[in-house]
Structure formats: C-alpha cells, structure tokens
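A short write-up of the structure that comes next.
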2 protein chains.
Amino acid sequence: MSRTAKHEDTYHHGDLRKALLDSARILLEEGGPPALSLREIARRVGVSAPAAYHHFRNLEAIAQAVAEQGFGELSAALDNARSGDGVNAMGMVYIGFAQANPGLYRLMFSDGLAAKSQAGAALRAMRAQAFATLRTALEAQVPPDQARSLALYLWSVTHGLALLAIDGQLGGAEQAQGQIAQVLEVTGRALPPLATS
Amino acid sequence: MSRTAKHEDTYHHGDLRKALLDSARILLEEGGPPALSLREIARRVGVSAPAAYHHFRNLEAIAQAVAEQGFGELSAALDNARSGDGVNAMGMVYIGFAQANPGLYRLMFSDGLAAKSQAGAALRAMRAQAFATLRTALEAQVPPDQARSLALYLWSVTHGLALLAIDGQLGGAEQAQGQIAQVLEVTGRALPPLATS
C-alpha cells in the first residue's frame, strides 16, 4: 500500500474535503489565483489527485468552494462591524479582510481563472449578491433613489483601496493603515447624513 | 534563407522595436498580462526570438517598455482633459483609458508578472510618478495638507471603478457609462471647493 493510499484511508469524507479547501487557501495566499493546481492541492494533503476529484469535479469547483467560504467570512465580519461607527468601521473591516487574505480577495473580486466557466458564473453571482446586500443596507439609511449609486461609490473606493493596499502601493503596514483611515474619512464626506437604525 | 530570416531583413532597427511593442500590446489586450510571451510576440511579427532579444533583454523588458507607452498615453489624455470640468472629466478620461486598454491598464496598475524584478521596480516607480503628478496638481487646488489624502482618495475610487468596469461588474457598455458618471459625481461631493487655475 502506497503512502498516498494510506493517507486516503485516514480521512473521513468531510475531513478530506475540508483539508483540500484548507490546502487550496494556503496555495492561494502563497501565489495568488494562478498558483492554484488540483494536483498540488492534493499532494500537500497527502492524497492522490483522483481522491481529490472524488470531492471536486475540477480545480474551478475548488476555487468556487473557497470563494464561497470567503464571501461567508467577509459577510460575517461586516455584520459584526455594523454595531460600530458606520462607513469607516465597515470600510476598515472590508479592507482588513483583503489585507488578511489577499489571494482569496483577488479570487473573489477580480476576474480570475474562471471568467467564462460555470464557476466563473457562480463567482459573479456571489459578487452580485454581496453588492445587493450593501445596497439594501444603504436603502434603510439614505434616500432610496441614491442607494444604488452610493453603494457603487463605496464599493469602488474600498475595492480600489484594498487592491492598492495588497499590491503594496501604500507602503508598509503602519503607513498603509493611516492612509486607509484618511481615505475612508474623506469617503464619508460624500455621503448624505445616514439614518441610524 | 528561411522565411523568418527574410522578415528580419525587411525591418529597420527602430521599426522592428516598434513592431514588437505593437505585437505585445495586441497580445496584452487578447489575454491580459499572463498572455505575454516573447516567443509569441516575435512569431506574430514574423521574426525569430533571437531577433527580438536583440531589442529587449527579456519579456519583462518588453512589458516595461509597453507600460511606459501606457503611462505616456494616459498622462497625455489627462493633460488634455484638464481644460474640462475638473474631477469628473479627469475621472472619465482615466476610466475611459482603462476601458479602451484593459490589458495594458492591468499591466500598468496591478501587481503583474514582474513584482520583484527590475521591470517590476520600474513599474512601481512609474505608478509612484503618476500619483505624484496627481498630488501636485491637487496641491494647487486644495489646502496643501489635504492634497495627499485627497489624491489617494481619487486614485482609490477611479482605480476601483476602472477595475469593476473592465471586469464586467457594471453591466453592458451603456449601463456602465451611466453608473461611472454617477459615481464620479458622488466622488466630487467629498472634495473641498477647488481653486481654479
């Protein structure tokens, strides 16, 4: 019995799925979306590629599952911030998520490996859902006819700022945090007074 | 004499350099920065890879030269817009450049193939220069101690909006233009009254 086959025996079904997703996320943070490879994901977990195919149809199916995890985590983080001081706190959480998971953020929000595939369509739907959540939250706080453009404004500035930060355009970590706070403060000036819920 | 060698004879020195850069830009727009390949660039021009190496040390040297062209063109376009109506006009020009040259824009402003190389450092310097130009322009129009954070704010929102547009997140062309104009209008609300030059 080979070493690989032995490892396959040691995983319960759900455990192996989780191990493969964990392995994919480590690869993603090491080299961004282009570093994802089903063979390498399986190798690091200590199973054969066919064992990985038992859980995921192909690499894009893993990428989609990892992105789903990411959208779930981002959404939970933003929900927790909602008790804080509004747009600034939400912006810091959003950008903090990108800084903590730059490879995952690129997979979730950039046109990655999967633009025209089924997984790419699923990713697009997840992004649209995240944007709809933001717009709905704003509809309770601003004149409803402005919610769409204000939501797109907030998404643009936080997306741009997050990418400048993870691309290293804002300098070292401490310098970056100060600049992010400043930009978010300026960002808030364009908003009408928000109704508090 | 092979067909390839014959082609090499037909190019004057500067013409071949320009033909290689043109070929690189077409590849860039077909498949983004990952599609760049020195062999393919040369093949499309009809010369051998060694003939291309005569002009460019490696692929990154071509990428750097193409990015330099891009920064020159973007800067010229923004200069022309300066006689227009301020931030909105400049923002439309910036985002229009990205929409017209999405592959080139990704090469210029995203962390591309060359992060740790000499060409990557040159790209970083070009980006820093472009940002310094924006900051300097703002220093004449806003309180000087606000110029840096306002410049970063404007860069964040236009960068984010440009990427959302070229990633197809804003829907079809006509819909996208309307949304871009709305977001830029909101963006301007955060700015102090601008001194006119």
Would you check if A:MET108 is within 22 Å of B:ILE166 (Cβ to Cβ), of a type outside the set (Gly, Ala, Ser) and in contact with a Gly (Cβ under 6 Å, 6 or more places away or on another chain)?
yes
Taking region A:145-164 only, how many residues are surrounded by fewer than 23 Cβ atoms within 10 Å (Cβ to Cβ) and either more than 8 Å from every other protein chain (Cβ to nearest Cβ) or among the charged types (D, E, K, R) (or both)?
5
Examine region B:97-104 for a residue that is among the aromatic types (Phe, Trp, Tyr), touching a helix residue (DSSP H, G or I) at 6+ places or on another chain (Cβ under 8 Å) and more than 9 Å from every other protein chain (Cβ to nearest Cβ), and state whether such a residue exists.
yes
Top-ranked residue in region A:165-178 [being within 16 Å of B:ALA151 (Cβ to Cβ) and touching a helix residue (DSSP H, G or I) at 6+ places or on another chain (Cβ under 6 Å); ranked as nearest to the other protein chains (Cβ to nearest Cβ)]
A:LEU170
For A:ALA181: the one exception among (1) under 15 Å from the mean Cα position of the chain (by Cα); (2) more than 9 Å from chain B (Cβ to nearest Cβ); (3) touching a residue at least 60 places away in the same chain (Cβ under 8 Å)
(1)
Quick one: would you say B:ARG124 is surrounded by fewer than 18 Cβ atoms within 10 Å (Cβ to Cβ), more than 30 Å from B:LEU38 (Cβ to Cβ) and basic (Lys, Arg)?
no
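Please state which one of A:PHE131, A:PHE97, A:PHE109 is of a type in the set (Phe, Trp, Tyr), at pLDDT 95 or above and under 14 Å from the mean Cα position of the chain (by Cα). Outline the logic, then answer.
Details: A:PHE131 fails: at pLDDT 95 or above; A:PHE109 fails: at pLDDT 95 or above.
Going through A:PHE131, A:PHE97, A:PHE109 in turn, the sole match is A:PHE97.
The values are calculated or read from the model by the stated rules, or taken from the named source; none is laboratory data. Treat the numbers as computed from the prediction; the structure is a model and nothing was measured. Glycine gets a Cβ as well: all are built from the backbone with ideal geometry, and neighbour counts include every protein chain shown.
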